[in-house]
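*Asks:* This structure is in structure tokens; I'll ask about it shortly.
The values are calculated or read from the model by the stated rules, or taken from the named source; none is laboratory data. The structure displayed is predicted, hence computed values, not measured ones. Positions of Cβ are generated from backbone atoms using ideal geometry, with glycine treated the same way; all protein chains shown enter the neighbour counts. Side chains are part of the model used for accessible areas, which takes the heavy atoms of the whole protein and leaves out ligands, DNA and RNA. Shrake-Rupley method; radii C 1.70, N 1.55, O 1.52, S 1.80 Å.
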Amino acid sequence: MIVSHRHRLIFIKTVKTAGTSVEVMLSRHCGREDIITPVIPREAGHSPQNHRGLFNPADDLAALGARKAPGVVKRLIQAQRFYNHMPARIARARLGEAVWSAYFKFTIERDPWEKTLSYFHMTNARRSSPLTLDAFLDSGRFAPASELYTDAEGRILVDKILQYETLEADLRALLIERGIPDPGTLPNAKGGYRRDRRAAGDILTRAQAQRIAERYAFEIEHFGYTLEQAGP
């Protein structure tokens, strides 16, 4: 997540949507007072700042539910007031309504079948015992999506949602519009996990594709994503 007071801009970071690459790009234009949250593993060109501080954990518990309590307590102990992949509803509570309302807020969304495959390969790369795709889907470890940029009732909290598929051109246009005349190029951060570059429809079985569609029903309905299914 990035909060640029200099440009009155808030970036809500989703998962497997080139978010770290966007943070690296945006951080080049941040001032000393701007907020840049850490990423793990660390990425060249990305320097976190101003993310620590005290906060009221009651806001997190109310917005996310009691099942998130362990993570809230950990961040409270570490004084992580702002953190990687922070939901918009929590960012709004921490920043305050005046800042949230005055700043331009954006995020990124992606085809859910492609996102799931990308997340699957990243997860396996970090495991000592890789999972099969079916075992991964059985585990329920889907990448967080709309819950990061909506409220508890499913209302979208950001001003603009860029599409991963046209990200570079759309991001450049947005930043120029927001007063950054030379945004630079978008780096390829935290990439390279997925080696099978076939389209999702050529990889997934119909049963696997349907399970993903059920998980991301909101995203599919809102953005009109479709899958050209070639698998059995």
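*Asks:* Filter the stretch 78-94 for residues that are outside any loop (DSSP other than H, G, I, E, B), closer than 11 Å to residue 12 by Cα and open to solvent by 10 Å² or more (accessible area, probe 1.4 Å) and give the result.
*Replies:* 89, 92
Rundown of residues vs (1) touching a helix residue (DSSP H, G or I) at 6+ places or on another chain (Cβ under 9 Å); (2) modelled with pLDDT of 95 or more, yes/no style:
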{"site": "185", "(1), (2)": "yes, no"}
{"site": "188", "(1), (2)": "yes, no"}
{"site": "193", "(1), (2)": "yes, no"}
{"site": "197", "(1), (2)": "no, no"}
{"site": "212", "(1), (2)": "yes, yes"}
{"site": "215", "(1), (2)": "yes, yes"}
{"site": "220", "(1), (2)": "yes, yes"}
{"site": "229", "(1), (2)": "yes, no"}
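*Asks:* Hey, another quick one. What's the total number of residues in the stretch 179-200 that are farther than 30 Å from residue 28 by Cα and over 22 Å from the mean Cα position of the chain (by Cα)?
*Replies:* Number satisfying all stated conditions: 2.
*Asks:* Out of the residues in the stretch 129-146 meeting the condition of being of a type in the set (D, E, K, R) and at pLDDT 95 or above, tell me which one is nearest to residue 203 (Cα to Cα).
*Replies:* Out of the qualifying residues, it is 134.
*Asks:* Cβ-Cβ under 6 Å, sequence separation 6+ or interchain: first residue in the stretch 32-53 and of a type in the set (D, E, K, R) and surrounded by 11 or more Cβ atoms within 10 Å (Cβ to Cβ), partner in a loop (DSSP other than H, G, I, E, B) and at pLDDT below 90. Which pairs?
*Replies:* Taking only residues 6 or more apart or on different chains, the pairs are 43/189; 52/79.
*Asks:* Still on this structure, I have one more. With of a type outside the set (Lys, Arg) and closer than 26 Å to residue 103 by Cβ as the only criterion, which of 204, 174 stands out? Spell out how you get there, then give the answer.
*Replies:* Values: 204 fails: closer than 26 Å to residue 103 by Cβ.
When all the criteria are applied, what remains is 174.
*Asks:* May I ask you to list the residues in the stretch 175-223 that are more than 30 Å from residue 8 (Cα to Cα) and assigned to a loop (DSSP other than H, G, I, E, B)?
*Replies:* 192, 193, 194, 195, 196, 197, 198, 199, 204, 205, 216
*Asks:* Farther than 28 Å from residue 39 by Cα and of a type in the set (S, T, N, Q): does that describe residue 229?
*Replies:* yes
*Asks:* Let me ask you something else. Restricting the first residue to the stretch 8-19 and requiring it to be farther than 17 Å from residue 142 by Cα, which pairs with a second residue that is part of a loop (DSSP other than H, G, I, E, B) and open to solvent by 10 Å² or more (accessible area, probe 1.4 Å) meet a Cβ separation below 7 Å and a spacing of at least six or different chains?
*Replies:* 8/103; 9/103; 9/178; 10/103; 12/158
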